[in-house]
1. With a ≥ b ≥ c the root eigenvalues of the C-alpha gyration tensor of the range A:148-259, is it rounded (a/c under 1.5), prolate (a/b larger than b/c) or oblate?
2. Looking only at the range B:267-419, where both bridge partners belong to it, what percent of the DSSP beta bridges are antiparallel (to the nearest 5)?
3. What nm distance separates the two modelled labels at residue A:4 and residue B:3, each placed 7 Å from Cα along Cα→Cβ?
4. If you count, for every residue in B:433-440, the Cβ atoms of partner chains within 10 Å of its Cβ, what is the mean?
5. Measure nothing but the geometry: give the 0 to 90° angle between the long axis through the Cα atoms of B:462-480 and the longest principal axis through the Cα atoms of chain B, rounded to 10°.
6. Could you state the orientation-averaged shadow area of the convex hull built on the Cα atoms of the range A:286-433, in nm² to one decimal?
7. To test your reading of the geometry: what angle, between 0 and 90 degrees and rounded to tens, separates the Cα axis of helix B:226-239 from the longest principal axis of chain B?
8. Please say if chain B is rounded, prolate or oblate, where rounded means a/c under 1.5 for a ≥ b ≥ c the square roots of the C-alpha gyration tensor eigenvalues, and otherwise the choice is prolate for a/b larger than b/c and oblate otherwise?
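Computed from the coordinates by the stated procedures, all read-outs in this text should not be read as laboratory data. Predicted model, so just to flag it, every value in this text is computed and none were measured. Cβ sites come from the backbone with ideal geometry, for glycine too, and all protein chains shown count toward neighbours.
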């Protein structure tokens with residue numbers, strides 16, 4: 001770990017060695033009990049101290065009646081308690097010496113004046129004891145690298161490189177499955193809730209320093225500290241890409257956000273200008289936010305806007321060409337030496353324009369190795385976008401044609417598919433140029449799944465791939481221009 | 001079947017009783033052999049006559065040396081032959097009395113002047129014998145209702161209500177899987193190829209008359225008969241919705257299309273104007289084309305633009321509200337009587353504004369029955385959009401809380417989930433107002449899958465749902481206005 005992050009005031013909140021847990025019981029239908037259950041399910045390796053007025057054992061752990069009874073001062077307190085007692089328990093934690101707290105309980109600013117008053121009380125406690133507090137009205141943190149997930153849904157998938165700070169807890173928990181299906185995962189994700197103390201800006205700063213975070217996703221309903229946000233985001237974006245999905249822009253979105261976290265949204269143009277100023281890439285949906293994160297986190301910076309499309313199907317090629325065109329990317333012609341070299345690998349019906357359309361696969365084994373290798377070697381190729389259909393079926397068919405038995409076909413085709421994925425991943429490594437795929441089949445098809453696991457993003461439509469590659473290019477341009485030109 | 005379609009010149013091409021198949025052998029690696037294999041795999045019930053100069057049996061069928069040897073005049077000839085012999089074999093088919101042919105072979109207009117000359121020759125043969133010809137350079141037709149699929153990929157999923165005419169064969173074959181994953185299927189899909197005779201306009205006209213087709217998808221790289229297209233599309237669109245994905249608009253898309261089918265694309269604005277004039281809804285990607293088809297084919301026409309969003313998660317609710325706002329849909333407030341009625345079913349933390357945000361599920365069994373029922377009853381609700389997370393888990397948790405055994409939980413939860421899906425489908429039926437869902441989980445999650453199968457569209461993000469509902473509203477408005485106001 002870099003020393004910078006070790007000193008960050010959120011470090012022990014996101015990487016606690018020990019936790020006092022308030023509000024869990026053996027009744028698994030309550031929110032707090034579910035949260036403790038998620039924490040246990042991921043195999044958290046530190047000490048967990050459930051605190052409960054009556055129970056002696058909770059979910060197999062020794063429970064304590066009061067925070068004062070704990071055998072040590074834990075790094076973090078998690079409170080999932082009735083609103084009215086939150087301030088008192090938080091103060092008891094402060095007195096004990098606990099310096100980080102997550103308050104999950106709702107009933108504060110988001111419900112109106114009375115709640116705002118209560119929120120001020122807990123802010124005062126935090127200030128008194130020099131604590132950092134996440135929430136209230138949040139669902140906490142997921143840091144799967146540390147086996148730490150205190151949200152109410154069990155973590156799915158693997159730890160990854162996407163950092164997130166979100167004004168909606170759902171966009172943490174309900175993304176576990178979405179990210180896992182794409183071969184992605186969170187590095188650390190914060191649900192900020194009402195931001196009584198720790199806010200989006202703090203989390204952004206932390207994720208900027210976090211060496212496991214390669215790209216940062218922000219879900220924004222409204223920003224409270226505008227100037228601090230701009231300064232922090234700008235500094236972070238020079239080091240790693242930041243993608244934002246902002247929903248307060250439309251009137252209807254504003255109303256929805258207001259009743260959700262009580263954050264005031266601004267006009268869309270204001271936020272748009274702020275994002276540009278900071279070098280933040282703006283996504284127009286949750287799906288697109290993670291599409292952009294995928295490309296930006298997995299791929300190197302392209303040298304220019306030239307995309308070569310490789311396909312064996314005309315329609316998907318044309319759709320990709322059109323999408324790239326609409327996104328302001330270019331489709332360079334390949335050099336004559338590249339075309340000559342490629343002609344060895346492709347059937348007569350193929351087109352060596354861009355899209356490179358093989359029309360069908362002469363030898364399916366060239367499709368992810370020799371052909372893309374030769375395309376990437378061409379200096380005119382800045383990025384490569386490959387259509388992925390069903391290489392498994394094509395390879396099995398080719399082996400059958402060679403007269404192999406069913407068993408040999410099974411073994412060989414699994415091996416060949418693995419080889420193909422490795423070959424493509426090696427090309428990405430060797431040429432340091434972005435390589436991405438697109439498909440209309442499920443991302444869980446074995447070959448696509450394997451590409452995803454080897455670090456090659458595959459998108460579920462050509463236009464999604466094009467928008468992700470465009471963001472990659474915009475961000476690279478912004479970095480090259482000394483962060484002067486707006487990236488969106 | 002309506003009599004109109006029985007008289008259509010494409011009827012026996014899409015519903016052949018018997019087929020002469022040229023170009024299939026026992027070598028399964030060839031295109032023609034694969035196409036025959038797909039035809040057999042779907043269980044085509046008519047007679048198939050493979051024609052082959054040497055083989056006596058092909059894929060288990062008796063083969064014939066020449067078309068003249070066939071024991072009857074088949075409804076359709078499918079030719080997957082070397083380019084040079086296509087015209088002669090086609091003429092032999094004409095002499096035999098065959099009146100419908102699909103030419104899969106390439107090497108015609110799409111390869112330049114020499115190919116164009118060959119294409120003129122086959123057009124002349126077609127004219128001479130009064131035939132209808134699909135192709136050349138196409139992959140044929142999939143009509144799963146008739147167990148007829150002569151494309152080179154096996155059909156997946158179920159017959160459905162989406163009719164398609166496509167200038168790319170891939171957007172037929174490679175959509176089988178995509179549609180199946182959404183619980184959709186083709187009614188009949190045509191790959192038109194080079195359109196030497198049958199073109200998009202003919203197919204559109206046929207699909208307009210086809211009673212199994214509820215919505216029509218068009219993949220367009222360039223339209224040859226502009227006036228006929230406008231007249232036909234306008235007439236068809238008054239009866240059923242037509243959705244188009246046009247890729248010739250950008251310069252790069254144009255170049256790609258030109259080398260694909262040799263069709264000349266026009267400037268984007270020209271096509272945009274034409275689509276508006278005809279009442280065609282334009283999609284900006286393949287994914288969106290089928291999103292729109294899903295809503296338009298499955299849902300009734302809404303009475304207005306008012307969408308009520310039902311969620312138990314704030315972020316997804318705000319994202320949906322924002323997306324609806326951006327698409328020009330409205331979020332009406334519910335009437336006070338609806339809010340009062342709903343208050344029985346929801347927890348205190350919930351918001352009865354729009355989005356109706358339950359914050360959590362008090363009783364998960366209300367979520368797809370009592371709550372949406374009460375919302376749909378409100379005259380202010382034109383459409384209902386429901387967030388779908390993991391009702392299975394919620395219900396299992398509730399049952400566990402009631403003290404049921406693991407086995408009882410399994411049985412009961414499966415039953416309850418089924419009930420829930422039926423309840424929602426019954427509401428759609430009863431109120432005749434559009435009901436759709438959105439989720440960030442896989443569409444293959446059991447509950448979502450079940451909703452899809454009962455005819456409730458579920459989309460993979462809020463913005464996709466909003467765009468589909470907007471298309472539904474636009475089309476309804478266009479129909480109400482006597483097809484006067486442009487729908488896109």
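1. Judged from the Cα gyration tensor, the range A:148-259 comes out oblate (a/c at least 1.5, b/c at or above a/b).
2. 10 percent
3. About 8.0 nm separates the two model spin labels.
4. 2
5. Relative to chain B, helix B:462-480 is tipped by roughly 70 degrees.
6. Mean shadow area of the hull around the Cα atoms is 9.6 nm².
7. Result, in degrees: 40.
8. On the way: a/c = 2.77, a/b = 1.83, b/c = 1.51.
Since a/c reaches 1.5 and a/b is larger than b/c, the shape of chain B is classed as prolate.
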